[in-house]
Amino acid sequence: MSAPVESGPLLDTVRAFAFPRFPGTDGERRAADLAAARLEAEGLSVTREPFRASLTALWRLRFLIHGVLACLVLTVGLVAPASAEVGAFFGISFLLLGAGVSRWSNVVESAFDRGSAITSENVVGRRAGRGEHPLCFVFLAHLDSKSARLATFWPSLMILAAFTIAIGLTLAAVLSAGRGSGALPAAMCVPLAVVAAAALLASPFNPSGNESPGAMDNASGLAVLLEAARTLPADVALADAELVFLATGAEEIGLAGAMRWIQAHEKELDRKRTVFVNVDSVGVGRGLIGLNAKGHVPGGRSMASVVKVAARASGVRMKFLGALPGVGVDTIPIASRGFATVTIVGQVLGSASRRIHSPSDTIEHLNETGLVDAATVVGEIARTIALSAPR
């Protein structure tokens, strides 16, 4: 392991970036200027890559999908009291559609090319690798922020509640049909289906604004990214690796910056020799979560197993989740293309997450232990992969 990470410089970086910076605004451009200056100060080759993306693309797509899902779950509640078999059919259709539309796809990406667009940019610092086929590590953190009428916790809870109800109704209908009882009680089905449908329809109606300083989401991740840019180029274990430090724009309108960057650079990257490590909201609550760990690193091990090894070596407690309801992270469009990815996040399922996307997302509510642990484990992930990768 390298020298221990100090919290002071990380907190100073969070303070520097903790101001409203909604995609396409002067605040986001100011954050991009600051990130570029910090990366240049570390001796990295810095490029700025502007892009355009629809501001409402994901909202319109989400509203359509949630509307269809709401109709399906409401149908389950209305028909299951008359026929459990038909109710089971619609319930299974709901679950299959919900699982299918939750995946990133070309349809999602094409939506960003339609409608009124904003201009944002990705800021990239690069240290070239050595040799013919060097390992490539891409470290990411988004530089924008947003406020919303409801903090992230509540829409996520609505979606989770809706799917929990739909699963319960579907299982009840399947079991009832299997026993030959033929129907479910209307007093149970109809109210539950109405609640689930209402939650699905309400969750997309959460207007965005530019009132959040975004200390946790995601000045904390930027602080870890810039700490990695300061320390990792000098790490002996990474001496031959190509290191890319990517501050993405417009994450808060549907992961647009990460999507545009991978669209532009996918053909340049060797999937067998490239690893993406994203850092998002790591100052939230106590402890870390390894999210969206996908693919295999050079040498054949799964990304999830490597992150677990790195966390143990760093003495960092970490849980692992495949996804969070209603929450997107920058590795999603990248993992969909077959690259090895992981996102390191804080305890966004806890009470501290109620401040995310709100004016109270300030440095006073940041957990500095989460910052230090994230910076430590990010470096250890890179070293673990580099030391075991085939030459």
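Descriptive notes on the structure:
- Residue in segment 237-246 that is surrounded by fewer than 24 Cβ atoms within 10 Å (Cβ to Cβ), at pLDDT 95 or above and part of a helix (DSSP H, G or I) present: yes
- Considering segment 94-105, and only residues there that are assigned to a helix (DSSP H, G or I) and buried (at least 16 other Cβ atoms within 10 Å of the Cβ), the residue that is nearest to the chain's Cα centre (by Cα) turns out to be Val101.
- Scanning segment 136-157 for residues that are buried (at least 23 other Cβ atoms within 10 Å of the Cβ), among the aliphatic types (A, V, I, L, M) and in contact with a Lys or Arg (Cβ under 9 Å, 6 or more places away or on another chain) gives a single hit, Leu143.
- You will find that of Val108, Val124, the residue that is hydrophobic (A, V, I, L, M, F, W, C), in a helix (DSSP H, G or I) and either over 30 Å from Arg60 (Cβ atoms) or within 21 Å of the chain's Cα centre (by Cα) (or both) is Val108 and no other.
- The one condition in (1) over 30 Å from Val174 (Cβ atoms); (2) outside any loop (DSSP other than H, G, I, E, B); (3) of a type outside the set (Lys, Arg) that Pro4 fails to fulfil: (2)
- Residues that are assigned to a helix (DSSP H, G or I) and in contact with a strand residue (DSSP E or B) (Cβ under 6 Å, 6 or more places away or on another chain) were ranked within segment 26-51; the one that is nearest to Thr119 (Cα to Cα) is Ala32.
- Residue in segment 271-279 that is more than 28 Å from Leu61 (Cβ to Cβ) and touching a Gly at 6+ places or on another chain (Cβ under 8 Å) present: no
- Filter result for Val195 (assigned to a helix (DSSP H, G or I) and either among the β-branched types (Val, Ile, Thr) or at positive phi (or both)): yes
- Unique residue being charged (D, E, K, R) and out of contact with any strand residue (DSSP E or B) (no Cβ under 9 Å at 6 or more places or on another chain) when the list is Arg179, Arg149: Arg179
- For segment 329-340, the condition of being over 20 Å from the mean Cα position of the chain (by Cα), in the same structural domain as Cys136 (by TED's automatic domain parsing), touching a residue at least 60 places away in the same chain (Cβ under 8 Å) and not in a strand (DSSP E or B) holds for none of the residues.
- Checked against (1) hydrophobic (A, V, I, L, M, F, W, C); (2) touching a Pro at 6+ places or on another chain (Cβ under 9 Å); (3) free of Cβ contacts under 8 Å to residues at least 40 places away in the same chain, Val68 meets all criteria but (2).
- Here Val306 does not qualify as modelled with pLDDT of 90 or more, assigned to a strand (DSSP E or B) and either within 23 Å of His133 (Cβ to Cβ) or not assigned by TED's automatic domain parsing to the domain that holds Pro134 (or both).
- The listed residues are Ser110, Ser120, and the only one of them that is at pLDDT below 95 and either closer than 30 Å to Gly379 by Cβ or not hydrophobic (A, V, I, L, M, F, W, C) (or both) turns out to be Ser110.
- Flag for Ala197 being in the same structural domain as Asp270 (by TED's automatic domain parsing), modelled with pLDDT of 95 or more and crowded, with 18+ Cβ neighbours inside 10 Å: no
- When every residue of segment 375-388 is checked against the conditions, none turns out to be in contact (Cβ under 8 Å) with a residue 40 or more places away in the chain and assigned to a loop (DSSP other than H, G, I, E, B).
The values are calculated or read from the model by the stated rules, or taken from the named source; none is laboratory data. These numbers come from a predicted model, not from an experiment. FYI the Cβ positions are ideal-geometry reconstructions off the backbone, even for glycines, and counts take in every protein chain you see.
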